[in-house]
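Following: one structure in structure tokens, then a few remarks.
The values are calculated or read from the model by the stated rules, or taken from the named source; none is laboratory data. Just so we're clear, the structure is a prediction, and the values are computed from it rather than from any experiment. For neighbour counting, all protein chains shown are included, and Cβ atoms are generated from backbone atoms with ideal geometry for every residue, glycine included. What goes into the accessible areas is simple: the full protein's heavy atoms, side chains included, and nothing from ligands, DNA or RNA. Shrake-Rupley method; radii C 1.70, N 1.55, O 1.52, S 1.80 Å.
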Amino acid sequence: MSRIGRQPVPVPQGVDVQVAGQKLTVKGKLGSQVLQLHQDIEAKLDAGKLVLSARSQSKRAKALWGTSRALIANMVSGVSKGFTRNLAIEGTGFRAALEGKVLSLQLGFSHEVKYPIPEGIVVKVGGDKQNALEVTGSDKRLVGQVAAEIRAYKKPEPYQGKGIRFTDERVRRKEGKKK
């Protein structure tokens with residue numbers, strides 16, 4: 001049995017969860033999300049808690065049970081509190097600017113890098129030198145994906161530390177050539 005799948009998902013005040021067959025809809029102050037449950041998983045709303053159960057004892061059903069519970073818990077948390085990933089831009093002349101729904105990055109290339117911000121994601125540029133980014137949204141997967149795509153434009157290099165990194169990421173620095 002799944003240890004994670006057995007735990008009920010608590011539904012906080014202000015979050016509306018609706019189960020219609022295999023379609024689960026979660027609505028909150030930060031938006032709404034929809035999840036199509038697998039046919040081996042059953043969801044029931046019971047006294048402010050969402051309880052999941054596996055319809056069969058197959059290996060696939062047991063694996064999807066815990067996964068579905070984790071996805072639903074992330075959905076409930078996302079529409080009530082939201083998710084945030086912070087990025088830091090390091091390097092001389094490296095900076096970011098927001099132009100409507102397009103993030104413009106100057107990363108030492110001969111051109112500016114333009115990144116269109118997807119729907120449901122908010123990007124804030126901060127710092128005194130425009131070198132801090134904050135990616136927020138209600139979908140945990142999408143927030144992480146956007147942050148990873150922005151970081152992929154210029155990964156931090158190990159000798160001088162230039163590039164885009166997560167603020168909680170530790171870049172392993174290497175020693176340069178000896179004289």
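The residue of region 110-124 that is farthest from Lys140 (Cα to Cα), among those that are outside any strand (DSSP E or B) and open to solvent by less than 90 Å² (accessible area, probe 1.4 Å), is Glu112. Cβ separations smaller than 6 Å between residues 6+ apart or across chains give the following pairs from region 1-23 residues that are within 17 Å of Leu37 (Cα to Cα) to residues that are in a loop (DSSP other than H, G, I, E, B) and open to solvent by less than 60 Å² (accessible area, probe 1.4 Å): Val17/Val11; Gln22/Leu37. Has region 93-109 got any residue that is under 16 Å from the mean Cα position of the chain (by Cα), open to solvent by 30 Å² or more (accessible area, probe 1.4 Å), basic (Lys, Arg) and farther than 27 Å from Gly5 by Cβ? No; the residues of region 93-109 include none that is under 16 Å from the mean Cα position of the chain (by Cα), open to solvent by 30 Å² or more (accessible area, probe 1.4 Å), basic (Lys, Arg) and farther than 27 Å from Gly5 by Cβ.
Only one of Gln39, Gln7 is loosely packed, with under 14 Cβ neighbours inside 10 Å and out of contact with any Phe, Trp or Tyr (no Cβ under 8 Å at 6 or more places or on another chain). Can you tell me which?
Values: Gln7 fails: loosely packed, with under 14 Cβ neighbours inside 10 Å.
When all the criteria are applied, what remains is Gln39.
When only residues in region 24-36 that are within 15 Å of Ala70 (Cα to Cα) and either in contact (Cβ under 8 Å) with a residue 12 or more places away in the chain or among the small types (Gly, Ala, Ser) (or both) count, which is most open to solvent (accessible area, probe 1.4 Å)? Here the residue is Gln36.
Look through region 45-90, keep the residues that are among the hydroxyl-bearing types (Ser, Thr, Tyr) and touching an Asp or Glu at 6+ places or on another chain (Cβ under 8 Å), and return whichever of them is nearest to Asp128 (Cα to Cα).
Step one: list which residues in region 45-90 are among the hydroxyl-bearing types (Ser, Thr, Tyr), which gives 53, 56, 58, 67-68, 77, 80, 84.
Among the residues that remain, those that are also touching an Asp or Glu at 6+ places or on another chain (Cβ under 8 Å) are: 53, 56, 58, 84.
Details: Ser53: 51, Ser56: 56, Ser58: 56, Thr84: 20 Å.
Checking each candidate, the answer is Thr84.
For first residues located in region 81-103 and closer than 23 Å to Gly120 by Cβ, partners that are of a type in the set (D, E, K, R) and lie 6+ apart or on another chain with Cβ distances below 6 Å form the pairs Phe83/Lys140; Asn86/Glu134; Val102/Lys114. Tell me, yes or no, whether region 129-150 has at least one residue that is out of contact with any Pro (no Cβ under 6 Å at 6 or more places or on another chain), open to solvent by 60 Å² or more (accessible area, probe 1.4 Å), more than 17 Å from Arg165 (Cβ to Cβ) and in a strand (DSSP E or B). The answer is no; no qualifying residue exists.
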